Each structure stands twice: as structure tokens, then as C-alpha cells.
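What follows is calculated from the coordinates using simple rules that are stated; it is not laboratory data. Keep in mind that this is a model prediction, so the values were computed, not measured. Note that each Cβ is placed from the backbone with ideal geometry, even for glycine, and that neighbours are counted across all protein chains shown.
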Amino acid sequence: MSSIRIEEVKGGEEERRRISVHSHIRGLGVVNGKVEKIAGGFVGQVEAREAAAMVVKIIKAGKFSGKGVLIVGPPGTGKTALAIGIARELGADTPFVHLNAAEIYSVEIKKTEFLMRALRKAIGLRIREWRRVYEGVVKSIEFKYGKHPYNPYIQVPVGATVKLKTTDEEKILKVPQEIAAQLIELGISTGDVIMIDEETGRVIVEGQVQGEGEEQYDIYVKHRLEVPKGPVHKEKEITRFFTLHDLDLYQARQQGLVSAMLFGVFTEEKEIPSEVRNAVDNFVKETVDKGNGELIPGVLFVDDAHMLDIETWAFFTKAMEMEMSPIMIFATNRGITKIRGTDIEAPHGIPLDLLDRLIIIRTRPYNEDEVREIVSIRAREEGVKLDNDALDYLTKIGVENSLRYAIQLLTPAQIRAKEQNRSNVTKDDVEYVRKLFLSLRESVEYVKQHEELFLK
Ligand code: ADP
Ligand code: ADP
């Protein structure tokens, strides 16, 4: 079943956006085998991080199958951050999928299909392949434009001429439209080191050569590289990363399920047939067996787990027993509550048979110093310069309302500061945006105050 032809991965955008408020979290902050009070982007919550680090050890020892993690703690105490920390500790490519339990009820596709997708997005496959490629530093690049096939007012690239250089030679390539389009989309310019797959035409940006190309305003910094050695046209071992969900989609496309998919209908409504998933599973096993790749179980994080219903719990229980399954981490801030879809009360609204398999970690509310430190780490991460009294005020907000709320105010405060032609955020900026945006507590109070009006 190695007939699966793998193409470019797109998407994951939503996932990235969702976890971007946690971009400062780089791991659990374990230094020389010990959890440091401030490390890895984390501040405090030491006990929980130690427990999480222990879980990572158990996972790495291969002794966690059939089990899961439950994180309990008030909102904004770092439950999500902790789950991300676990994923980061498991390795750089480890997928992290964040689900909120409430989403499961609001999707258009069948619930089990939605859950299955989440599960498969949380499992990765790293593939090593020898491919024939063209590789080198871009010395020059020139696009040829022509008319759009349907819209005469739009000019589209119909090809390009690229000069690639290695330490040994220079080659001029004339590339067709598909490749030209990728070169534009990837923003390739002179000084970039690129690789073009001969068979598929896929373009990969490897980085940029020292001292060449313009200074980038980009938010991401390209890797600095040496000029590649050897010939431009050659065989090269390439490592690529896919989630099982990516592979499912490619396989579905091959089986002709896809004209609809191109227009987005497929992903929203259609179910991926089980033959497709079986074919992918076989491909994955074969790849791993042959030593051409490795499976990377990631983390599936489910927030507000008390809102999951009995069917979903049954699904997750089964999933934990599967051969290929991600690490499942649930989080909740509820005590005893009804298991959704039943009249049974249970701790955290979780069925007992599943509860038995969960290791429980607790997160505690932060003290003032911790809030201050977290807010300033977040500010640094977002490039926000805070005056001292602005930081004091945000700390106060974080303690009195929630850490999450304080962090949410950083970006608006920075925008307001810019509008006032300042590069630093003052207390006044924070006070200003504090009035514009409500904390959760305030919004609830507001609704309560005007309840009569709201129900009219
Ligand atoms: P929860 O999932 O418990 O509601 P989050 O993990 O979303 O809380 O935390 C809110 C914000 O504070 C996030 O941006 C998170 O990354 C950050 N954060 C929470 N705890 C810590 C911590 N101990 N160290 C650093 N950042 C933290
Ligand atoms: P809500 O969504 O709160 O029920 P709407 O936005 O539907 O209220 O408002 C009812 C009507 O009054 C709409 O036609 C809206 O365009 C108009 N309206 C409400 N507030 C204003 C305002 N501040 N200025 C001008 N028109 C308004």
C-alpha cells in the first residue's frame, strides 16, 4: 500500500492561532532533571510541572498506554500551558491538538467523525525518503506573467527562470506554472536556499545564506545556512512530517473523493470512509516496519472535559486502547457533576471506568509575584514594552480577575500606545483598554444586572 503519494501539507492554521497565546511555553522547564521555578517559559506551578515531567518520563518509557491525564484547576491556572509543555517535552515535531468539549456539539459533521479527525491530527508520521531534487542558493529569479485563464484583468505567473548555485556549480532552471506559483507564495528571493522535488514539483525553503538577501521584516526568522555542496541536481534524503489526518485526506483524494474537497465541502460534511483510514494505517505500518519512518504520538488536549457526554467518553475510552493513539489529556474546573447524557453524578462528570485510568494533576491559583512574572514573560514574547506602573496594574488585574484577562489586554494596550505615538505601554493605556473590554466576571455581572432587559 505504498501507493500513497504524499503531497504538501497545508492547514493547521487554526491550531497555530489557538495555541499562539502559549508561544512562550517551550517545555516544562526541567533543568538537570529538576523543575526550575522559572524556566521553559513557565513560572511557578512547580508541583504540577513536576508531575507532568514524571508523566513524560512514563510515556517515554512506553508505560503509559491505556492511560490518560486529568488536569484540575481554576480557569487561567495554566492547564493548557501544562499540556503544551508535555507535548514540547516529548519532542519538537510532537503534534498538539486542542479541543474544547463544547465544540463537539457544534460541528456539522458526525460527532464520531469529528473525534476521529481530532485523534488522527494528534498522531504524526515522520518519513525519510530519498528523492531526486534540485537544490541550491537562489542567485536570480525572474517570473513570466500571462493572462489568467478566466479573468483577463488578472496577470498570473505562467513560469519562472531560477538560477541555483552550489559550491560546485550553477544551473539555470526554467520552471512551469505550478512551481512558479509556489515560489511566489513562499516569497522566494535571492539568497534563499531552496529545494525542488523533481517528481512532484514541490518547493521547500531550507533557509537563507549568510549575508545575502534583504533584511527581513518577517515575523519569522529564516534559518541561516551555508551554500549547499555538490551538484544542483541530485538524490537527497528528505524528512517530512505528516499527521494521520493529512494522510487520510490525500488518500481520500486519490480515491476520487475529492472534487468536493477542493471546494471545502468534503472537509466539513463528508465522512472519511473507513477503507481510506485502513489504507493509511497499513501505509504507516509498512513505512515504520521498513525503517523509513517513525510514528510520533502527540497530545490530544480536551478542555472543559466535564461537558463531554457519555458517548464521547466511550469513544475516548476505546481510543486509549488502540494501537495508534495520542496521549490524552483532559482538563476541568468542575467538581461532582452529572455525566452529560445521563442522570449519573460523578467526579468531574467523568465515568468511573475512565476515571480509573486517569492520572490527576492539580494546578493552583497564582500569587501576585507569579502573575507579575507571567505577564512580563508574555509581554516580552509579544514585543510589548510595559512601564513599571502598567505592569503593576496588569498584575493587579491578573490577581483580581484572571491571568488570562490580564494577558488578553496586552495587545489592545500596545495598539493604543502606538496610536499615541509611544513605543511603551503606560498605565493609562491599560486603564483605557481595561474599560473597553470586560473580564468574564464583569460580563456575567453585567448580564445579571440587566437581566430583565435581556429577557424582554
Ligand atoms: P487554563 O487552561 O488553566 O485556563 P491557560 O493555560 O490558558 O489556563 O493559562 C492562561 C495564560 O497564562 C496562557 O497564555 C498561558 O500560557 C499562561 N500561563 C498560565 N500558567 C503559566 C505559567 N505557570 N507560566 C507561564 N505562563 C503561564
Ligand atoms: P441587538 O442586536 O442588541 O438586539 P440591534 O443591533 O439589532 O440590537 O439593534 C436594533 C436596531 O437598532 C437595528 O436596526 C440597529 O441598526 C439599530 N441601532 C441600534 N443601536 C444603534 C446605534 N447606536 N446607532 C444607530 N443604530 C442603532
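Just subtract the alpha-carbon distance of F241 and L436 from 0.36 nm times their residue separation and send over the number in nm, one decimal. Display every interim value, and only then the final one.
On the way: separation 195, 0.36 × 195 = 70.20 nm, distance 4.27 nm.
Going from the current span to full extension adds 65.9 nm.
How large is the dipole of the chain about the Cα centre if only Lys and Arg carry +1 and Asp and Glu carry -1, each at its Cβ, rounded to the nearest 20 debye? Working shown, then result.
Numbers: 65 positive and 71 negative charges, 82 e Å.
For this selection, approximately 400 debye.
What is the dipole size for the stretch 368-449, taken about its Cα centre, with +1 at each Lys and Arg Cβ and -1 at each Asp and Glu Cβ, in debye to the nearest 20? Intermediate results must be reported in sequence, preceding the final value.
Working: 14 positive and 16 negative charges, 63 e Å.
So the dipole magnitude of the stretch 368-449 works out to roughly 300 debye.
If the cut-off is a Cα-Cα distance under 24 Å, which lysines reach K147, setting aside same-chain residues fewer than 8 apart in sequence?
Here the lysines satisfying the reach criterion relative to K147 are K174.
For the pair T190/E226, report the inter-label distance in nm, with labels modelled 7 Å from Cα in the Cβ direction.
2.4 nm
Beyond 42 Å, what share of the Cα-Cα pairs of the chain remains, rounded to the nearest whole percent?
Numbers: 28771 of 103740 pairs.
Taking all Cα-Cα pairs of the chain, the fraction more than 42 Å apart is 28 percent.
Using alpha carbons only, how many degrees (0 to 90, rounded to 10) separate the axis of helix 427-436 from the longest principal axis of the chain?
Computed tilt is about 80 degrees.
Determine, for T337, T167, T312, the number of other Cβ atoms within 10 Å of each Cβ, and report the residues in order from fewest to most.
T167, T337, T312
Excluding residues on the same chain fewer than 8 positions from K63, give the aspartates and glutamates whose Cα lies under 14 Å from its Cα.
Straight-line reach from K63, under 14 Å: E321, E323.
To make sure I understand, if each residue's beta carbon is the centre and we count other beta carbons within 10 Å, what order do D392, D168, D246 fall in, fewest to most?
On the way: D392 15, D168 12, D246 22.
Fewest-to-most ranking of D392, D168, D246: D168, D392, D246.
For the pair E206/H148, report the inter-label distance in nm, with labels modelled 7 Å from Cα in the Cβ direction.
3.6 nm
Using the 10 angstrom Cβ neighbour count as an exposure proxy, how do R202, R380 rank, fewest first? Walk me through the intermediate numbers first.
Values: R202 19, R380 12.
Ordered by Cβ neighbours within 10 Å, fewest first: R380, R202.
Using the Cα atoms of the stretch 312-439 to build a convex hull, what is its mean projected area in square nanometres?
Working: hull surface 43.6 nm².
For the stretch 312-439, averaging the hull's shadow over all directions gives 10.9 nm².
If I fit a long axis through the Cα atoms of helix 111-121 and take the longest principal axis of the Cα atoms of the chain, what angle between them do I get, 0 to 90°, rounded to 10?
Helix 111-121 sits roughly 60 degrees off the main axis of the chain.
Listed here are the pairs K37/K385; K144/K236; K67/K285; which of them are more than 27 Å apart at the Cα?
On the way: K37/K385 24 Å; K144/K236 29 Å; K67/K285 23 Å.
Violating the 27 Å limit, Cα to Cα: K144/K236.
Using a simple spin-label model with points 7 Å from Cα along the Cα→Cβ vector, what separation in nm is obtained for W130 and A92?
2.4 nm
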